[in-house]
Amino acid sequence: MFRFTPAAKTGLAIAAAISLYGVSFGALAVASGLTLGQTVALSALMFTGGSQFAFIGVVATGGAAASAFGGATLLSLRNTIYAVQLKALLNPRGVKKLAAAQLTIDETMATSTVQETAAEQRRGFWITGIACYLGWNIATVIGALLGDFIAEPEALGLDGAVVAAFLGLLWPRLRSREPWALAVVAALITVLIMPPVPAGVPVLVAAAVAVIWGLISARRDRDGGRLSGAEQHGARTRRRNAQ
């Protein structure tokens with residue numbers, strides 16, 4: 001049964017923003033030379049916005065289909081990193097595993113991981129994923145059909161809705177210095193290496209930095225816990241000796 005919980009509200013809000021951006025993608029794809037069928041298939045099968053825009057960007061500049069596919073694939077590799085964490089988080093089985101693989105994107109990863117309980121994490125993933133998939137594909141069709149009437153799809157500014165949605169989603173997590181420091185480091189690395197490397201690589205490097213940072217933090221926390229336990233044992237020993 002559908003429950004209108006905080007995770008559900010967040011997922012639907014994210015999906016609304018993503019759907020708006022899908023209109024821009026549909027219009028740009030048709031303007032780049034793709035047919036309506038090709039545009040719809042790209043959204044239904046690839047379903048990862050950044051990779052789709054990278055694909056049509058190469059096509060629009062006269063690049064080969066193989067080059068476009070290679071760049072899009074490189075950019076979508078970040079979803080593999082997400083999948084590792086989401087598999088442990090959701091533990092999907094059977095058909096759900098295939099559906100989860102298709103729905104593993106930036107938005108579902110972000111929505112699910114900010115929730116406090118396992119039930120809300122699962123609810124956030126599935127509601128966000130299904131709503132984004134339906135909204136993105138419907139918006140793609142609308143944008144593709146209206147492509148001939150939109151002179152400059154970029155001027156719609158719909159990408160701003162996605163940025164605003166992500167800021168609203170991530171802002172509550174920036175409560176301490178460490179998340180802020182990680183965000184700044186990842187942003188700086190992305191900006192510095194963006195000019196000389198292919199599309200998609202900056203995102204992967206920033207993600208790798210975040211993963212390494214997380215592993216170091218987790219190890220530090222474990223070491224601190226072991227130290228705290230040793231200190232407690234020493235205190236108990238001193239009390240027994242004093243008695």
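Descriptive notes on the structure:
- Some residue of segment 86-94 being in contact with a helix residue (DSSP H, G or I) (Cβ under 7 Å, 6 or more places away or on another chain) and either of a type in the set (D, E, K, R) or in contact (Cβ under 8 Å) with a residue 40 or more places away in the chain (or both): no
- Hits in segment 70-84 (condition: modelled with pLDDT under 75 and surrounded by fewer than 16 Cβ atoms within 10 Å (Cβ to Cβ)): T73, L77
- Enumeration of residues in segment 22-54 that are of a type outside the set (A, V, I, L, M) and touching a Leu at 6+ places or on another chain (Cβ under 7 Å): S24, G50, S51, Q52
- Some residue of segment 1-8 being in a helix (DSSP H, G or I), touching a helix residue (DSSP H, G or I) at 6+ places or on another chain (Cβ under 9 Å), surrounded by fewer than 23 Cβ atoms within 10 Å (Cβ to Cβ) and assigned by TED's automatic domain parsing to the domain that holds A99: yes
- Residue in segment 152-164 that is at negative phi, modelled with pLDDT of 70 or more and assigned by TED's automatic domain parsing to the domain that holds G57 present: no
- Identity of the residue in segment 101-152, buried (at least 23 other Cβ atoms within 10 Å of the Cβ) and polar (S, T, N, Q), that ends up farthest from T10 (Cα to Cα): T140
- Per this entry, R93 is counted among residues that are exposed (fewer than 15 other Cβ atoms within 10 Å of the Cβ) and assigned by TED's automatic domain parsing to the domain that holds L28.
- Residues satisfying the stated conditions in segment 92-114, i.e. part of a loop (DSSP other than H, G, I, E, B), at pLDDT 85 or above and either more than 19 Å from S43 (Cβ to Cβ) or more than 12 Å from the chain's Cα centre (by Cα) (or both): P92, R93, G94
The values are calculated or read from the model by the stated rules, or taken from the named source; none is laboratory data. Owing to the predicted nature of the structure, the values given are computational and were not obtained by experimental measurement. With ideal geometry, Cβ positions are generated from the backbone for all residues, glycine too; neighbour counts draw on all protein chains shown.
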